Amino acid sequence: MLLPLLLSSLLGGSQAMDERFWIRVQESVMVPEGLCISVPCSFSYPRQDWTGSTPAYGYWFKAVTETTKGAPVATNHQSREVEMSTRGRFQLTGDPAKGNCSLVIRDAQMQDESQYFFRVERGSYVRYNFMNNGFFLKVTALTQKPDVYIPETLEPGQPVTVICVFNWAFEECPPPSFSWTGAALSSQGTKPTTSHFSVLSFTPSPQDHDTDLTCHVDFSRKGVSAQRTVRLRVAYAPRDLVISISRDNTPALEPQPQGNVPYLEAQKGQFLRLLCAADSQPPATLSWVLQDRVLSLSHPWGPRPLGLELPGVKAGDSGRYTCRAENRLGSQQRALDLSVQYPPENLRVMVSQANRTVLENLGNGTSLPVLEGQSLCLVCVTHSSPPARLSWTQRGQVLSPSQPSDPGVLELPRVQVEHEGEFTCHAQHPLGSQHVSLSLSVHYKKGLISTAFSNGAFLGIGITALLFLCLAPIIMKILPKRRTQTETPRPRFSRHSTILDYINVVPKSGPLAQKRNQKATPNSPRTPLPPGAPSPESKKNQKKQYQLPSFPEPKSSTQAPESQESLEELHYATLNFPGVRPRPEARMPKGTQADYAEVKFQ
């Protein structure tokens with residue numbers, strides 16, 4: 001505190017402790033080199049020993065400058081010399097008589113950086129140095145650039161307005177000088193304006209796209225300027241559309257040219273990545289399309305380029321892929337044909353006769369019987385890309401194709417004995433081969449018929465012989481008894497007679513059985529049953545397996561009365577016919593009922 005007072009006394013100041021002297025100014029001022037700045041300032045001093053007509057003088061000094069001998073950097077005292085380095089650049093713009101000490105610094109230079117204080121003189125009493133309340137001037141390098149305001153996209157043929165502003169302006173500072181340069185202005189003849197900002201109007205053309213437009217700001221000092229360059233974006237339709245391909249994370253592949261559409265081959269299961277990029281303004285919307293199906297779509301603000309990933313290509317991924325780029329000014333598209341290659345799959349044989357498929361999907365090792373003389377067509381079918389080369393062999397010998405255009409077809413117009421054996425279809429492919437075999441057996445028509453007839457004849461003879469052996473003893477035992485009991489002639493065989501008419505049967509409780517029960521007395525001894533014959537009680541409980549229809553008994557001219565002796569000679573046997581159905585013509589006459597449920601032989 002003592003040092004400033006001492007300095008004030010040494011520098012010619014007075015009233016060091018008088019509180020009626022005060023000043024307001026910012027403590028630090030920063031200015032870029034070459035620019036201008038205004039430093040506002042106000043102060044106050046006592047009204048003593050001066051009148052309104054007494055002139056007031058103000059001085060700005062650098063720090064540690066003797067005010068009585070040293071030169072100020074700025075003053076309103078016309079007879080006082082100022083420092084040579086600041087002459088014309090530092091100016092006291094305020095009126096000390098009104099308490100204004102504002103200072104303007106133009107074309108600031110690095111050597112101007114220092115501490116500054118203010119001195120006021122008026123009358124004989126006011127002689128005061130404001131040593132404690134000065135400001136420090138900081139000069140920096142010029143890094144600020146002007147701001148250029150221009151639409152992001154320019155429409156060709158439409159006028160556009162561009163504004164350049166340098167945000168550093170003070171009332172007391174002279175305005176900078178603005179100028180414009182650029183290819184778009186070569187034929188416009190537009191003159192730059194000089195102000196704190198500049199407005200430029202011109203009409204862009206498609207050729208102006210991607211060219212530079214520069215706004216220059218020049219200050220009073222030579223060589224001190226600032227500039228801002230912008231790149232013109234003139235709208236245009238998509239162009240230079242490019243498709244790139246990567247496979248299994250390898251570098252980009254070039255598709256093979258094939259006509260107007262590039263062609264790409266890929267093996268089944270590989271990883272493919274398709275990239276599409278186009279040059280357009282504004283950015284175009286990109287899309288990947290397979291046939292008529294949209295697979296991927298990007299927004300204009302989305303990533304560039306647009307990728308389409310196929311992690312493991314399948315046969316169904318084959319087709320034409322189209323990349324389309326579109327904006328409001330037009331569109332462009334390119335296509336790529338993708339062929340997914342794979343070895344033969346699902347090799348099989350189809351058999352057809354008379355243009356009609358009779359057997360499908362015959363696998364390896366199938367046996368195929370065929371009649372001699374029949375026509376036969378064997379068709380070998382498989383799936384592969386590109387198509388596999390098909391061929392037929394018989395016992396290792398290559399057969400000539402029936403249809404050269406379709407070697408998978410083997411036609412046998414008339415099957416012969418020499419055709420018998422193994423036929424093999426081969427599917428050969430660069431990525432792998434397959435084959436399927438079938439065995440052809442040829443049968444004779446005559447042999448088949450004779451064998452079938454012989455088998456049927458022998459079967460009929462065997463059944464007839466079996467029945468005859470079973471029934472012959474019974475018939476031979478019954479017929480002599482009948483002849484001895486009556487002399488009546490033997491009845492003729494009727495058309496509807498069966499073997500049941502000539503064998504003894506166990507009667508049911510029908511009319512005939514009831515008559516026999518009435519003739520037998522309760523006290524009469526029972527007729528002894530043959531060994532092994534079932535008792536009447538067991539017959540009642542016996543389950544019936546099949547109910548046979550009753551047939552009319554054979555009629556004779558004279559029926560012999562039944563006797564106990566004839567009953568004793570009854571023999572029993574059981575003959576079951578499972579699954580026998582009555583013939584339509586063997587229906588029972590009306591008014592009759594079945595008298596026989598079981599037929600037994602012994």
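All of the numbers you see were taken from the coordinates with simple rules; none came from a lab. Remember, predicted model here, so these are calculated numbers, not experimental data. Using ideal geometry, Cβ is built from the backbone for each residue, glycine included, and neighbour counts are taken over all protein chains shown.
Using r as the Cβ-Cβ distance of M84 and S53, and R0 as 22 Å, what FRET efficiency do you calculate, to the nearest 0.05?
After rounding to 0.05, the efficiency reads 0.10.
Which percent of Cα-Cα pairs in the stretch 147-232 sits in each 5 Å bin, short to long?
Percent of Cα pairs in each bin: 3, 14, 27, 23, 15, 9, 5, 3, 0.
Taking the stretch 291-400 as the region of interest, what is the percent of Cα-Cα pairs per 5 angstrom bin, listed from the shortest bin to the one with the maximum distance?
Histogramming the stretch 291-400 at 5 Å steps yields 2, 8, 13, 14, 12, 9, 7, 8, 7, 6, 5, 5, 3, 1, 1, 0 percent.
Over the alpha-carbon set of the stretch 83-218, divide Rg by the Kirkwood Rh and report the Rg/Rh ratio to two decimals.
Expressed as Rg/Rh, it is 1.19.
What FRET efficiency comes out for the pair Q115/T211, r = Cβ-Cβ distance, R0 = 45 Å, nearest 0.05?
0.35
Run the paramagnetic zone check for S437: 7 angstrom along Cα to Cβ, then residues of the stretch 384-418 with backbone nitrogen under 17 Å.
Correct set: 391-399.
Based on the mean of other beta carbon atoms within 10 Å per residue, what is the order of 382-391, 306-315, most packed first?
Order by mean packing, descending: 382-391, 306-315.
Using only the alpha carbons of the stretch 342-443, determine the length spanned along each of the three principal axes and report them from longest to shortest in whole angstroms.
40, 27, 24
Ignoring solvent entirely, what values of log10 I(q)/I(0) come out of the Debye formula for the stretch 22-140 at 0.12, 0.23 Å⁻¹ when each Cα is a single scatterer?
-0.40, -1.43
Quote the FRET efficiency, to the nearest 0.05, computed for L371 versus N260 with a Förster distance R0 of 56 Å and r equal to the Cβ-Cβ distance.
Given R0 = 56 Å and the Cβ-Cβ separation, E is 0.50.
At F271 and V160, where each label point lies 7 Å from the Cα along Cα→Cβ, what is the point-to-point distance in nanometres?
4.3
Enumerate the whole-percent occupancy of each 5 Å bin, from 0 to the last occupied one, for all C-alpha pair distances of the stretch 238-341.
Histogramming the stretch 238-341 at 5 Å steps yields 3, 13, 24, 26, 19, 10, 5, 1, 0 percent.
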